[in-house]
Amino acid sequence: QVKEKGRDAIEFFNEDMADKVSRQLLMEGDLHRAFEDRHFELCYQPKIDTESAKVVGAEVLLRWRHPEKGLISPGEFIPVLETSGLILDVGQWVLEEACRQLKSWQDQGIWQDDMRLSVNISPRQFRRRGFVDDVIRTLQQIPIVPHTLDMEITEGVVIQNVEETIFTMTTLSTQGISFSLDDFGTGYSSISYLKRLPVAALKIDQSFIRDIPHDRNDRVLVETIVAMGRLLGLEIVAEGVENETQLALIRDFGCHYYQGYYASAPVDAATFVQILTAVEAQTTTA
Ligand code: C2E
Ligand code: MG
Ligand code: MG
Ligand code: MG
């Protein structure tokens, strides 16, 4: 009886796993074709100054325009890109495409020299031998204004090899690239890295921001992260700000910048330009 049950359980488990693996393989094939057929696109989410409400930059976010399923969010496919290694090619494409867009905006005078465009870099991409060379070559081919490109890395990047991470970051810093620590607070013991890594900014994960209007513990956490970050001389960015109450709180805490639906969801390049020029018009007539 017990044995019977045990065997069923194992079969069930195996079927489940096989199912998962085949779905992963299917998606891997789809992603390969999507990359070849250029079905990936970039969208841009403005980063806003909590005091002046000015746009200080943007984050580049990847989208997959599926012929039948429509626009697919990275949460569903980044993990597959990462495990399959496809993230190396797609990530390099994202970097190049973001630099081309940035340069075009700079050439048109839309993008101010004190604004930064942030690109997400996956752990596997960051740790790849040759990553630094690829980035330097990209900047040679697409000469953007120095100090206008930022890279968002997560604590997952750091964990593996701190010395190597510091070396990569320092080398790229000399190319004018700044670094932001993304999803801050969700990973491991981030605090000890903070004083060693050459990061310019901390991005407080949206899971901490969500409940600050009614959760005292989250309020204390966010206020403490902001205070600590500021004392360390870092810029602080709040992610996922969706309403005025959250914005008022983080502004009171001294958080410099925010992103979130309250200001704007990620939008396509044309819409982002509209946002930029609308804000510009507003501030010049004010
Ligand atoms: P992330 O870098 O932490 O990006 C923030 C995510 O929060 C984005 O999801 C954004 O659309 C979403 N978001 C922004 N404002 C709000 C808000 O007010 N409320 C809520 N609920 N969500 C908000 P998205 O675009 O689905 O991206 C998810 C994750 O996928 C990103 O998290 C990032 O880790 C990864 N990702 C996106 N693009 C790339 C890429 O080009 N390369 C790599 N390696 N990873 C990427
Ligand atoms: Mg990010
Ligand atoms: Mg984040
Ligand atoms: Mg996140």
Across the chain, qualifying lysine pairs (alpha carbons under 20 Å, at least 8 places apart or different chains) come out at 5
Per DSSP loop assignment and a cutoff of at most 16 other beta carbons within 10 Å, the chain keeps its longest run without exposed GluC sites (Glu not before Pro) at 69-241
Output for region 139-206: chymotrypsin sites (Phe, Trp or Tyr not before Pro) sitting in coil per DSSP, at most 12 other Cβ within 10 Å, listed by number, reads TYR188
Distance in Å, no decimals, from the C-alpha centre of region 182-230 to the one of region 128-145 is 30 Å
per DSSP, antiparallel bridges as share of beta bridges in region 128-286, % nearest 5, sits at 5 percent
A 1.4 Å probe over the protein heavy atoms gives the chain a carbon and sulfur accessible-area percentage of 52 percent
Averaging 1/r across every pair of distinct alpha carbons in the chain and inverting yields a Kirkwood hydrodynamic radius, in angstrom, of 20.6 Å
Expressed as a percent, the portion of alpha-carbon pairs in region 139-286 spaced more than 28 Å apart is 28 percent
Given Cβ charges of +1 for Lys and Arg and -1 for Asp and Glu, the option among PRO213, ALA238, THR170 whose Cα lies farthest towards the positive end of the dipole of the chain is THR170
Note: GLU163 to ARG100 extended length (0.36 nm per residue) minus current alpha-carbon separation gives 19.5 nm
For region 136-216, the Debye formula with one identical point scatterer on each Cα and no solvent gives log10 I(q)/I(0) at q = 0.17, 0.23, 0.24, 0.26 Å⁻¹ as -0.73, -1.08, -1.13, -1.24
Accessible-area order for LYS203, LYS69, LYS47, LYS103, largest to smallest, probe 1.4 angstrom, reads LYS69, LYS103, LYS47, LYS203
Cα extents of region 34-129 along the principal axes, largest first, in whole Å, come to 42, 36, 27
To the nearest 20 debye, region 40-85 has a Cα-centred charge dipole, built from +1 on Lys and Arg Cβ and -1 on Asp and Glu Cβ, of 120 debye
Where a ≥ b ≥ c are root eigenvalues of the Cα gyration tensor, a/c under 1.5 meaning rounded, otherwise prolate if a/b exceeds b/c and oblate otherwise, region 112-173 counts as prolate
With +1 on the Cβ of every Lys and Arg and -1 on the Cβ of every Asp and Glu, the dipole magnitude of the chain about its Cα centre, in debye rounded to the nearest 20, is 420 debye
From DSSP H assignment alone, runs of 4+ in the chain each adding -39500 (n - 2.57), the sum over residues rounded to the nearest 500 puts [θ] at 222 nm at -17000 deg cm²/dmol
Taking a probe of 1.4 Å and leaving out DNA, RNA and ligands, region 134-286 shows per residue an accessible area in Å² of 49 Å²
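The values are calculated or read from the model by the stated rules, or taken from the named source; none is laboratory data. As the structure is a prediction and not an experimental result, all values here were calculated from the model. Because the Cβ atoms are built from the backbone with ideal geometry, glycine has one as well, and the counts that use them run over all protein chains shown. Heavy atoms of the whole protein, side chains included, go into the accessibility calculation; ligands, DNA and RNA do not. Shrake-Rupley method; radii C 1.70, N 1.55, O 1.52, S 1.80 Å.
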